[in-house]
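Working notes for the structure below.
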Amino acid sequence: MKMLMDLFTTDYGLMSVGVIAFMLGMAVWFRAFFRRKMAEDAKNAGV
């Protein structure tokens, strides 16, 4: 319980939550970006 309190009430805990959220968002964006580019390349190659 103390760990969760530290995570959401301290400056370093909130920064950690922010970094984790940013990294997860970046992973979702990269996945969508790469899938879109792969589909575009497959379409241009005629496959």
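Annotations
- Separation of the Lys2 and Ser16 label points, Cα + 7 Å toward Cβ, nm: 1.3 nm
- The angle separating the long axis of helix 11-45 from the principal Cα axis of greatest extent in the chain is about 10 degrees.
Read the figures in this text as sums done on the coordinates, not as results from a lab. Note that this is a predicted model, so its numbers are computed, not measured. Heads up, the Cβs are rebuilt from the backbone with ideal geometry, glycines too, and the neighbour counts pull from every protein chain shown.
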